[in-house]
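Worksheet for the structure shown next.
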Amino acid sequence: MTKKRAVALSIAGLFSAMFAGFLFNSAGLFWLGVVLFVLGMAGLLIGAMWLWRSVLAFFATIAVLTVLLVTTSANGPRLWFSAFGELRTDCQVLDATVVTRTKSSSYTVYTVQCGDRRIDYEPYRGSEYIGDVGERTSLMFDRTGLMKPLRSSGITGADRWAVPGAVLLGLLYIWLAATVLFAWSRRKKPLVVDQEFT
């Protein structure tokens with residue numbers, strides 16, 4: 001593998017893992033998010049470990065992937081909705097069902113009517129309250145249909161910068177692996193010759 005191919009593989013892996021974080025919150029494409037994340041993780045690991053030949057490359061790459069995955073799955077939908085969201089203020093809560101699980105916390109699924117559209121709204125954050133039955137609420141819908149609806153109050157200015165910041169961190173890591181760490185890991189070790197003086 002050449003240095004250019006290792007850098008290209010690392011960048012492709014980074015963006016694949018980033019897009020996977022968006023798909024974890026999509027409407028029915030979770031499985032594709034898992035596939036893209038595994039491919040992205042493999043690409044970034046192989047590329048970065050070829051560039052920076054050290055066991056530290058493995059741990060640094062896992063740390064970058066973790067930051068990227070957590071950031072994009074938590075803040076990615078909010079960034080997406082700031083670009084492709086459609087605010088609906090004519091929504092009414094029709095029903096609320098508490099879902100209990102034995103190994104994790106319970107959450108509430110709301111049946112919401114927005115104009116002629118009826119949906120079962122499962123909050124991104126399990127404990128999110130959107131209103132009592134009969135109350136009015138507002139939801140953001142994705143014009144592309146990729147993402148599940150989101151509460152309009154869940155979109156803030158800081159969310160829009162978290163994903164680009166994580167991507168810049170990943171690109172900085174690849175740049176360091178391709179320049180400074182690449183040169184450092186390939187420097188020639190001095191030859192040590194044992195000599196006995198008599």
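Modelled with pLDDT of 85 or more and crowded, with 21+ Cβ neighbours inside 10 Å: is that true of Gly47 in this structure? Judged against the criteria, Gly47 is a match.
Just one of the listed residues (Pro77, Pro123) is part of a loop (DSSP other than H, G, I, E, B) and not basic (Lys, Arg), namely Pro123.
For (1) farther than 30 Å from Val109 by Cα; (2) modelled with pLDDT of 70 or more; (3) of a type outside the set (A, V, I, L, M, F, W, C); (4) outside any loop (DSSP other than H, G, I, E, B), each residue gets a yes or a no:
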| position | (1), (2), (3), (4) |
| --- | --- |
| Thr144 | no, yes, yes, no |
| Ala158 | no, no, no, yes |
| Trp161 | no, yes, no, yes |
| Gly165 | yes, yes, yes, yes |
| Gly170 | yes, yes, yes, yes |
| Tyr173 | yes, yes, yes, yes |
| Leu176 | yes, yes, no, yes |
| Trp184 | yes, yes, no, yes |
| Lys189 | yes, no, yes, no |
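Here Thr108 clears all of (1) β-branched (Val, Ile, Thr); (2) surrounded by 14 or more Cβ atoms within 10 Å (Cβ to Cβ); (3) at pLDDT 85 or above except the condition numbered (3).
Scanning the range 74-93 for residues that are farther than 17 Å from Phe141 by Cβ and at pLDDT 85 or above yields no hits at all. Exactly one residue among Ala48, Ala42, Ala63, Ala57 is farther than 13 Å from Phe15 by Cα and under 17 Å from the mean Cα position of the chain (by Cα), and that residue is Ala63. Of the residues making up the range 78-117, those that are within 16 Å of Leu150 (Cα to Cα) and β-branched (Val, Ile, Thr) are Thr89, Val93, Thr108, Val109, Thr111, Val112. Contact map, the range 21-34: residues that are touching a residue at least 60 places away in the same chain (Cβ under 8 Å) paired with residues that are of a type in the set (D, E, K, R), Cβ distance under 8 Å, separation 6+ or inter-chain. Pairs shown: Asn25/Lys148; Ser26/Lys148; Ala27/Asp142; Ala27/Lys148.
Yes or no, residue by residue, for (1) out of contact with any strand residue (DSSP E or B) (no Cβ under 6 Å at 6 or more places or on another chain); (2) surrounded by 14 or more Cβ atoms within 10 Å (Cβ to Cβ); (3) over 21 Å from Leu23 (Cβ atoms):
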residue	(1), (2), (3)
Leu69	yes, yes, no
Phe84	no, yes, no
Arg88	no, yes, yes
Lys103	yes, no, yes
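Quick one: is Ala63 at pLDDT below 85, surrounded by fewer than 20 Cβ atoms within 10 Å (Cβ to Cβ) and part of a helix (DSSP H, G or I)? In short, no. In the range 36-44, the count of residues that are in contact (Cβ under 8 Å) with a residue 40 or more places away in the chain, farther than 15 Å from Gly170 by Cβ, out of contact with any His (no Cβ under 7 Å at 6 or more places or on another chain) and in a helix (DSSP H, G or I) is zero. Figure legend. Inter-residue proximity from the range 113-124: first residues at positive phi, second residues surrounded by fewer than 16 Cβ atoms within 10 Å (Cβ to Cβ), beta-carbon distance below 9 Å, spacing 6+ or different chains. Indicated pairs: Gly115/Asp90.
With respect to (1) in contact (Cβ under 8 Å) with a residue 60 or more places away in the chain; (2) part of a helix (DSSP H, G or I); (3) touching a Leu at 6+ places or on another chain (Cβ under 9 Å), the lone exception for Leu87 is condition (2).
The values are calculated or read from the model by the stated rules, or taken from the named source; none is laboratory data. The shown structure was predicted, so the numbers you read here are calculated from the model rather than taken from an experiment. Note: ideal-geometry Cβ built from the backbone for every residue, glycine included; neighbour counts use all protein chains shown.
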